[in-house]
Amino acid sequence: MSTVSLPTFVEGEAPFVVPAAGKPCKTWYKVSGDLKSGIRPLVVLHGGPGCVHEYLEIVAQLTTLYAIPVVLYDQLGNGRSTHLPEKSGDTTFWTPDLFVEELHNLLNHLDIHDDYDVLGQSWGGMLASVFATKQPKGLHKLVIADSPASMKLWMEAAAILRRQLPQDVQDVLNKHETEGTTTHEDYVKATQTFYAHFVCRKQPMPESLKIAFEWTEKDPTVYMTMNGPNEFHIIGSLKTWSIIDELDKIEVPTLVLNGRYDEAHDICVEPFFQRIPKVKWIQFAHSAHVPQLEETERFMEVVGNFLLKY
């Protein structure tokens, strides 16, 4: 991991009015750098859905290296933002549009809605692509990192990758998925084998990524409702999600990223490259799903250059 130090953060909370929530909501965020510096800020959207910002905190090295202000936040239902466990299983509440509205609300709260960039990682990239297709005011550049253009392609990719695992691991996964016993310790252990191959190849797993997984376990409301029990057994409301037919509406310059061993396999990333009009695709040769942690120095160089020079 790069030895570049992280900057100081300033934390805050943005009130977020969600009538269907039945109670006051807030979005917790933190900012590195000066939002009034004249350098366009980067807003970072974490994965999951149902994860937290910690494993993307390292992206704030862009502040240290390039003076780019970075905004990190925990999406509604997660981390330090408002939790709504009473909405577990409510697929009409937990939708991409809810999180698009939350992003607009945060941009307005921070008074940066007229000029900003967005980086979305994994689910965050899915969310970022939905956001960008709506051609929001102020969006200047977009980074889609380790994200699928459709969940159908994501599941096809997962099937390809699972066949690369040892046969006994495949057998355990198949058995428990068929029997509906995905909380069994043998299934959880087999899942970790998949993660070590295709989520993060740096072992032991970086602490920031562990923290993100732990938060999801503490409150699985969003993850289970929209995704499912893990990264490759998708049974939630996103199972049929696709942005492919809308990608030509993304007008801003876009950088697409994935890792050579990424669970966001080339087949589910390629539609971004094929359909977004102004697009560049870069792959990290030694990374799986979290190149910001696996190839930190190159990640910062690639993203920093894109944001400042192109």
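The values are calculated or read from the model by the stated rules, or taken from the named source; none is laboratory data. This structure is a prediction, so every number in the text was calculated from the model and none was measured. Reconstructed Cβ throughout: ideal geometry from the backbone, glycine too, with neighbour counts over all protein chains shown.
Applying the criterion of at least 3 residues that are out of contact with any His (no Cβ under 6 Å at 6 or more places or on another chain) and within 30 Å of ILE235 (Cα to Cα) to the strands (runs of 3 or more DSSP E) found wholly in segment 9-64 leaves 25-32, 42-45.
Considering only segment 89-105, I want to know if a residue exists there that is within 18 Å of CYS51 (Cβ to Cβ), among the polar types (S, T, N, Q) and crowded, with 24+ Cβ neighbours inside 10 Å. No, every residue in segment 89-105 fails to be within 18 Å of CYS51 (Cβ to Cβ), among the polar types (S, T, N, Q) and crowded, with 24+ Cβ neighbours inside 10 Å. Check whether at least one residue in segment 170-183 is free of Cβ contacts under 8 Å to residues at least 60 places away in the same chain and under 28 Å from THR63 (Cβ atoms), and report yes or no. There is no residue in segment 170-183 that is free of Cβ contacts under 8 Å to residues at least 60 places away in the same chain and under 28 Å from THR63 (Cβ atoms).
When segment 181-213 is limited to residues that are part of a helix (DSSP H, G or I) and of a type in the set (Lys, Arg), the one that is nearest to ARG260 (Cα to Cα) turns out to be LYS210.
Being crowded, with 21+ Cβ neighbours inside 10 Å, closer than 16 Å to LYS249 by Cα and not small (Gly, Ala, Ser) is a property that holds for LEU127. Filtering SER237, SER208 for residues that are modelled with pLDDT of 95 or more and hydroxyl-bearing (Ser, Thr, Tyr) leaves a single hit, SER208. Looking across segment 12-70, the residues that are small (Gly, Ala, Ser) and surrounded by fewer than 18 Cβ atoms within 10 Å (Cβ to Cβ) come down to GLY12, ALA20, ALA21, GLY22, SER37, GLY38, ALA67. Contact map, segment 12-40: residues that are modelled with pLDDT under 95 paired with residues that are buried (at least 18 other Cβ atoms within 10 Å of the Cβ) and outside any strand (DSSP E or B), Cβ distance under 8 Å, separation 6+ or inter-chain. No pairs are found. Of all the listed residues (ALA158, ALA132), the sole one being hydrophobic (A, V, I, L, M, F, W, C), buried (at least 16 other Cβ atoms within 10 Å of the Cβ) and in contact with a strand residue (DSSP E or B) (Cβ under 6 Å, 6 or more places away or on another chain) is ALA132.
Taking (1) crowded, with 21+ Cβ neighbours inside 10 Å; (2) over 20 Å from ALA157 (Cβ atoms); (3) aromatic (Phe, Trp, Tyr) in turn, PHE213 satisfies each apart from (1). Would you be able to say whether some residue in segment 268-283 is buried (at least 18 other Cβ atoms within 10 Å of the Cβ), touching a residue at least 40 places away in the same chain (Cβ under 8 Å), touching a Pro at 6+ places or on another chain (Cβ under 6 Å) and of a type in the set (A, V, I, L, M)? No, segment 268-283 contains no residue that is buried (at least 18 other Cβ atoms within 10 Å of the Cβ), touching a residue at least 40 places away in the same chain (Cβ under 8 Å), touching a Pro at 6+ places or on another chain (Cβ under 6 Å) and of a type in the set (A, V, I, L, M). Checking each residue in segment 282-310 for being among the charged types (D, E, K, R) and over 21 Å from GLN203 (Cα atoms) picks out GLU301, LYS309. Might you check whether a residue that is small (Gly, Ala, Ser) and without any contact (Cβ under 8 Å) to a residue 12 or more places away in the chain occurs anywhere in segment 198-208? Checking segment 198-208: not a single residue is small (Gly, Ala, Ser) and without any contact (Cβ under 8 Å) to a residue 12 or more places away in the chain. Can you say whether MET126 is at pLDDT below 95 and either in a helix (DSSP H, G or I) or acidic (Asp, Glu) (or both), as far as the supplied structure shows? Taking the combined requirement at face value, the residue does not satisfy it.
Out of ARG163, ARG80, one residue alone is surrounded by fewer than 22 Cβ atoms within 10 Å (Cβ to Cβ) and under 25 Å from SER237 (Cβ atoms). It is ARG80. The residue of segment 166-175 that is farthest from ILE235 (Cα to Cα), among those that are under 27 Å from the mean Cα position of the chain (by Cα) and surrounded by 14 or more Cβ atoms within 10 Å (Cβ to Cβ), is VAL169.
The residues in segment 88-105 that are outside any helix (DSSP H, G or I) and among the charged types (D, E, K, R) can be counted, and the count is 1. Considering segment 224-247, and only residues there that are closer than 15 Å to PHE272 by Cα and either in contact with a Gly (Cβ under 7 Å, 6 or more places away or on another chain) or charged (D, E, K, R) (or both), the residue that is surrounded by the most Cβ atoms within 10 Å (Cβ to Cβ) turns out to be GLU246. Of the numbered criteria (1) assigned to a loop (DSSP other than H, G, I, E, B); (2) in contact with a strand residue (DSSP E or B) (Cβ under 7 Å, 6 or more places away or on another chain), the one ASN78 fails is (2).
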